[in-house]
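Notes follow the structure.
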Amino acid sequence: MWPQGAIFVALPHLGPLLVWLLAPHRMAGWCDSPRKLPWCPPHKVLLLVWTVIYSVMGYASYLVWKDLGGGFGRPLALPLGLYAVQLTISWTVLILFFAAHAPGLALLPLLLLYGLVVSTALIWHPINKLAALLLLPYLAWLTVTASITYRLWRDSLCPQHQPQPVGEKSD
């Protein structure tokens, strides 16, 4: 597995690293405001889950690459090309969500990403079943992410729907 596997595992982390470099002060506390979503995971949990998911995705892409003979040949174009597109959109969602704090703008690419991950899993399944199965936790996490993103977008449009901190009265 070394060094190609390590490269494949590390590659998905470039996007989150870029987001952290662009907006390190804006990432922490996204769900920790007084109007916190009760089901929004703490910031450290978000970081841990994204780290694990990106590592698993990278390993899955390595399995597909290896099973198709390695290198950069024609058989790799669709399975890894689709993966590259979904990885790029995933990074775009992170930038829109964490760096720009624009959940409304992040919602559409997030929904597109869901479809791309399903497509990637379906294309990978005949090549390497384990690689396809390793994308399932990502789909589950995208569901959580889409729920948080939708709720933050809705609350930004309709502040009266936001939960009020204890002791405050709504207008």
Computed over region 91-138: relative contact order in percent, which uses C-alpha pairs under 8 Å that are six or more apart:
23
What do you reckon, how do Phe72, Phe97 stack up by accessible area (1.4 Å probe), largest on top?
Phe72, Phe97
Size of region 1-154 along its principal axes in angstrom, Cα-based, largest extent first?
52, 27, 21
Along region 46-54, what does the Karplus equation 6.51 cos²θ - 1.76 cosθ + 1.60 (θ = phi - 60°) give for ³J(HN,Hα), rounded to whole Hz, x for Gly and Pro?
4, 4, 5, 5, 4, 4, 5, 5, 5
All other residues with a Cβ under 15 Å from the Cβ of Ala132 taken together, and with Lys, Arg as +1 and Asp, Glu as -1, what is their net charge?
+1
For Trp39, Trp20, give me the order by solvent-accessible area with a 1.4 Å probe, most accessible first, ignoring ligands, DNA and RNA.
Trp20, Trp39
Pairwise centroid distance, computed over Cα atoms, of region 45-79 with region 90-149, Å:
14
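The values are calculated or read from the model by the stated rules, or taken from the named source; none is laboratory data. Please read these numbers as outputs of a predicted model, since none were measured by experiment. We place every Cβ from the backbone using ideal geometry, glycine too, and count neighbours over all the protein chains shown. SASA here: full protein model, heavy atoms, side chains in, ligands and nucleic acids out. Shrake-Rupley method; radii C 1.70, N 1.55, O 1.52, S 1.80 Å.
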